[in-house]
Amino acid sequence: SEIQDVGWLDKSTKISWASSKSMGPFAPRDFVTRSHYRILRDGSLLLSTMSEAGLPCTEFREQGSNPEEYVRMDVVLGGYLFQSTDDGSKTRFQMVSLCNPGGALDSTVGAMISSMLCATGPVKFISALRRLSVGAES
């Protein structure tokens, strides 16, 4: 997996190009997203993200590890909310994600695989966040 900043639109909004590895017979994906960060009144951090239509980002794609194979993925909506709890000793994390992976995954078998990934992906994501946070404490 790779990620590169394309540029900042303002102090809290940036455009990024990212890619993911291939999974089994399915080609690797790449996506261009607009991410907006905002601190809410209660101090929570809100991150929203969605695909940035119209930016091919071919220069990043060509530098990626699979430049000829990428299938463009559409991030319809992503939302992440980080809220401090227990006087700041813990963080509540909420996530919403809606994506269209495109390519061969736009099929009946692809939909079944996507559903399986939706069931396991968030658990793996949270586990990775937990490992990162434990590493940050040491």
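The values are calculated or read from the model by the stated rules, or taken from the named source; none is laboratory data. Note that the structure is a prediction, hence the values are computed from the model and not measured. Cβ placement follows ideal geometry from the backbone for every residue including glycine, while neighbour counts extend to all protein chains displayed. For accessibility, only protein heavy atoms count, side chains too; no ligands or nucleic acids. Shrake-Rupley method; radii C 1.70, N 1.55, O 1.52, S 1.80 Å.
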Specify the residue that is nearest to LEU46 (Cα to Cα); the eligible residues are those in the stretch 78-89 that are of a type in the set (Gly, Ala, Ser) and not in a strand (DSSP E or B).
GLY88
Applying the selection to the stretch 10-50, what residues are more than 25 Å from GLN83 (Cα to Cα) and either β-branched (Val, Ile, Thr) or at pLDDT 95 or above (or both)?
VAL32
When the residues of the stretch 60-102 are narrowed to those that are acidic (Asp, Glu) and loosely packed, with under 11 Cβ neighbours inside 10 Å, which ends up farthest from CYS118 (Cα to Cα)?
ASP87
Flagged in the stretch 19-56 as open to solvent by less than 80 Å² (accessible area, probe 1.4 Å) and either farther than 19 Å from ASP5 by Cβ or basic (Lys, Arg) (or both), in numbering order, are SER22, GLY24, PHE26, ALA27, PRO28, ARG29, LEU40, GLY43, SER44, LEU46
What pairs come up if the first residue lies in the stretch 63-78 and is in contact (Cβ under 8 Å) with a residue 40 or more places away in the chain, the second is among the aromatic types (Phe, Trp, Tyr) and not in a strand (DSSP E or B), and their beta carbons are under 9 Å apart, counting only those six or more places apart or on different chains?
GLY64/TYR70
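Yes/no matrix, rows are residues, columns are (1) outside any strand (DSSP E or B); (2) more than 18 Å from ASP10 (Cβ to Cβ):
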| site | (1), (2) |
| --- | --- |
| PHE31 | no, yes |
| GLY43 | yes, yes |
| SER48 | no, no |
| PRO56 | yes, yes |
| PHE60 | yes, yes |
Out of everything in the stretch 108-135 that is at pLDDT below 75 and open to solvent by 80 Å² or more (accessible area, probe 1.4 Å), what residue ends up being farthest from ALA53 (Cα to Cα)?
VAL134
On the given criteria, is TRP17 of a type in the set (A, V, I, L, M, F, W, C), touching a Lys or Arg at 6+ places or on another chain (Cβ under 8 Å) and free of Cβ contacts under 8 Å to residues at least 24 places away in the same chain?
no
Is there a residue being under 28 Å from VAL134 (Cα atoms), assigned to a strand (DSSP E or B), aromatic (Phe, Trp, Tyr) and at pLDDT 90 or above anywhere in the stretch 90-107?
no
Residue count, the stretch 1-29, condition among the basic types (Lys, Arg), closer than 20 Å to PHE125 by Cβ and part of a strand (DSSP E or B), comes to 1
